[in-house]
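Q: Structure below; questions to follow.
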Amino acid sequence: MYDLTVIIPTFKEEANIRNIITEVDAVFQKNTLNGEILVVDDDSPDNTIVIVNELKKTMANVDLLVRTTDHGLSQSVADGFLHASSDVFVVIDADMSHPPALIPKMYEEIRAGCDVVIGSRYMEGGGIKKWPLKRRIISLGATFLGRLLFPDITDPVSGFFAVRRSVVAEAKLKPRGYKILLEVLGKGTWENDKEIPFEFSDREIGTSKLKIRTIIEYAEQVADITLYSFTHHQSAAWREWKKVFKFGIVGISGIIVNLGILFLLVEYTCLNEYTDNFIAIAIAGAVAIEISILNNFIWNDLWTFHSQENRKYSSRWHRLVAFNIVSAGGAAINWGVLLILTGSFGFYYMAAQFIGTLIGFIWNFTVNRRFTWGRTSE
Ligand code: GDD
Ligand code: MN
């Protein structure tokens, strides 16, 4: 039985395949890993298959799966999961964009308890070499969408990652396009993940096969994973929805606290005696707002984001300051929307305020999620 299976999807990689297989095998030997190399090829018309078959003669740990239907990168990787004979899978491109030297580290993290280990281009220490601006923009757009589903993961569309067999064993993957990792994260069963930075270096030989259709497929995939999460409550995206829901409940409690404190201060304290009522209300209002922010912070910290690991701000005081700043931004957005919609678009003020509250809520959740209760990128 092998320790791990390195899955290499290929299509027309005759110029690279020998090199990547040799490098991965060298990494196995250097680290005394009993690793299998599984090439999953979509019936390449070039010499890829010939070369792999030739290598197989001298390397017992090399295996080849040739597919003739349902052509595609993600489909090939998913087939690789079914065909692999170990319990740990590492997926890597054939074109040397991903450093094989990181494979042992990924394997160690899985051994140490991670379910998914991702090679990240977008965390500190990672990067991309030699990419044209257009490609960078497309990638950032894809990454942004993916991060809405998995806010703790900096590179949810990386092509370089390791997973435990159990993550995908029962998953109903609907592989398509290039983003098999997103599908694994969306449909797989996992708790612990870790990212390792790496520098992506674009292929030296041959051309990338990314097309416009890939982008459309990707948008469909994000929508599909979102729908899937509503009915599959063990999924990671559902864990995220639960946080949104809790954050909303806390927000409602904040409104009650806000109104209650305002009422108490105006009616039952010495503020009541001020003849200049405007100042009394201004002071009481400010106090009520800050107390409601404190209320929200406490509940979100103890409840909504209670299980957050590897916090960016390990001190509760830092998180409180961050939450105050972000919430002030949310209030400003709410207020700005109210003014713009009523002033420039003639909205009924209650409708405008309602929309402003919603947009402020989205801001408060997403920014606090990433910033106040975000995960460190080490
Ligand atoms: N079996 C199979 N079938 N393999 C394919 C196919 C296919 O239809 N298309 C591409 N591959 C293989 C290539 O041979 C290569 O080993 C790997 O998949 C990546 O293909 P590239 O064409 O080099 O992809 P890329 O460099 O544009 O994209 C990379 O970066 C993306 C993130 O920006 C890949 O790693 C993607 O998975 C990743 O999402
Ligand atoms: Mn490539």
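The values are calculated or read from the model by the stated rules, or taken from the named source; none is laboratory data. No experiment lies behind these values; they were computed from the predicted model shown. Glycine also receives a Cβ, built like all others from the backbone with ideal geometry; neighbour counts cover every protein chain displayed.
Q: I need every pair where a residue in the stretch 80-97 that is without any contact (Cβ under 8 Å) to a residue 60 or more places away in the chain has its Cβ under 9 Å from the Cβ of a residue that is of a type in the set (S, T, N, Q) and away from ligand 1 (no atom under 13 Å from the Cβ), sequence separation at least 6 or different chains.
A: The qualifying pairs are His83/Thr5.
Q: Pairs please, first residue from the stretch 39-50 and not assigned by TED's automatic domain parsing to the domain that holds Asp95, second anywhere and buried (at least 18 other Cβ atoms within 10 Å of the Cβ) and of a type outside the set (Gly, Ala, Ser), Cβ atoms under 8 Å, 6+ apart in sequence or on different chains.
A: none
Q: Also: For Lys209, all conditions in the list (1) at pLDDT below 95; (2) within 16 Å of ligand 2 (Cβ to nearest atom); (3) buried (at least 20 other Cβ atoms within 10 Å of the Cβ) hold save one; what is the number of the exception?
A: (3)
Q: When the residues of the stretch 29-55 are filtered to those that are in a helix (DSSP H, G or I) and not polar (S, T, N, Q), which remaining residue is nearest to the chain's Cα centre (by Cα)?
A: Of the residues in the stretch 29-55, the ones in a helix (DSSP H, G or I) are 29-30, 48-55.
Checking which are not polar (S, T, N, Q) leaves us with 30, 49-52, 54-55.
Numbers: Lys30: 32, Ile49: 34, Val50: 38, Ile51: 36, Val52: 34, Glu54: 39, Leu55: 37 Å.
So the residue we want is Lys30.
Q: When the residues of the stretch 69-94 are narrowed to those that are closer than 14 Å to Glu23 by Cα and out of contact with any Asp or Glu (no Cβ under 7 Å at 6 or more places or on another chain), which ends up farthest from ligand 2 (Cβ to nearest atom)?
A: If we take residues in the stretch 69-94 being closer than 14 Å to Glu23 by Cα and out of contact with any Asp or Glu (no Cβ under 7 Å at 6 or more places or on another chain), then Ile92 is farthest from ligand 2 (Cβ to nearest atom).
Q: Follow-up. Residue check: is Ser85 within 16 Å of ligand 1 (Cβ to nearest atom) and either polar (S, T, N, Q) or assigned to a loop (DSSP other than H, G, I, E, B) (or both)?
A: When the stated conditions are applied, Ser85 does not pass them.
Q: Next question. Scanning for something exposed (fewer than 13 other Cβ atoms within 10 Å of the Cβ), in the same structural domain as Arg213 (by TED's automatic domain parsing), more than 11 Å from ligand 1 (Cβ to nearest atom) and hydrophobic (A, V, I, L, M, F, W, C), does the stretch 148-161 turn up at least one residue?
A: Let us first name the residues in the stretch 148-161 that are exposed (fewer than 13 other Cβ atoms within 10 Å of the Cβ), namely none.
No, that holds for no residue.
Q: Taking the stretch 93-108 as the search range and keeping residues that are at pLDDT 95 or above and among the hydrophobic types (A, V, I, L, M, F, W, C), which one is nearest to ligand 1 (Cβ to nearest atom)?
A: Ala94
Q: Then there's this: Is it the case that the stretch 49-62 has a residue that's of a type in the set (Val, Ile, Thr) and within 16 Å of ligand 2 (Cβ to nearest atom)?
A: Keep residues of the stretch 49-62 that are of a type in the set (Val, Ile, Thr), which gives 49-52, 58, 62.
With the extra rule that they be within 16 Å of ligand 2 (Cβ to nearest atom), the set shrinks to none.
Taking every residue of the stretch 49-62 in turn, none turns out to be of a type in the set (Val, Ile, Thr) and within 16 Å of ligand 2 (Cβ to nearest atom).
Q: Name the residue, out of Lys174, Lys243, that is under 23 Å from Gly80 (Cα atoms) and either at pLDDT 85 or above or not assigned by TED's automatic domain parsing to the domain that holds Ala94 (or both).
A: Details: Lys243 fails: under 23 Å from Gly80 (Cα atoms).
Testing whether each residue is under 23 Å from Gly80 (Cα atoms) and either at pLDDT 85 or above or not assigned by TED's automatic domain parsing to the domain that holds Ala94 (or both) leaves just Lys174.
Q: Quick one: Cys270 ticks every box in (1) in contact with a strand residue (DSSP E or B) (Cβ under 8 Å, 6 or more places away or on another chain); (2) of a type outside the set (Lys, Arg); (3) surrounded by fewer than 18 Cβ atoms within 10 Å (Cβ to Cβ) except a single one, so which number is it?
A: All conditions are met except number (1).
Q: Here's something else I'd like to know. Condition first: within 24 Å of the chain's Cα centre (by Cα) and outside any loop (DSSP other than H, G, I, E, B). Can you find one or more residues in the stretch 63-73 that meet it?
A: Looking through the stretch 63-73, at least one residue is within 24 Å of the chain's Cα centre (by Cα) and outside any loop (DSSP other than H, G, I, E, B).
Q: Inspect all residues belonging to the stretch 347-356 and state whether any of them is under 20 Å from Gly254 (Cα atoms), outside the structural domain of Cys114 (by TED's automatic domain parsing), of a type in the set (Val, Ile, Thr) and touching a residue at least 24 places away in the same chain (Cβ under 8 Å).
A: Checked against the condition, which is being under 20 Å from Gly254 (Cα atoms), outside the structural domain of Cys114 (by TED's automatic domain parsing), of a type in the set (Val, Ile, Thr) and touching a residue at least 24 places away in the same chain (Cβ under 8 Å), the stretch 347-356 yields no hits at all.
Q: Okay, moving on. Within the stretch 15-34, does at least one residue satisfy the condition of being under 24 Å from Pro156 (Cα atoms), within 16 Å of ligand 1 (Cβ to nearest atom) and surrounded by fewer than 17 Cβ atoms within 10 Å (Cβ to Cβ)? Show your work before the answer.
A: We begin by selecting, within the stretch 15-34, every residue under 24 Å from Pro156 (Cα atoms); these are 20, 24.
When the remaining residues are screened for being within 16 Å of ligand 1 (Cβ to nearest atom), the result is 20, 24.
Those left that are additionally surrounded by fewer than 17 Cβ atoms within 10 Å (Cβ to Cβ): none.
No, the stretch 15-34 has no match at all.
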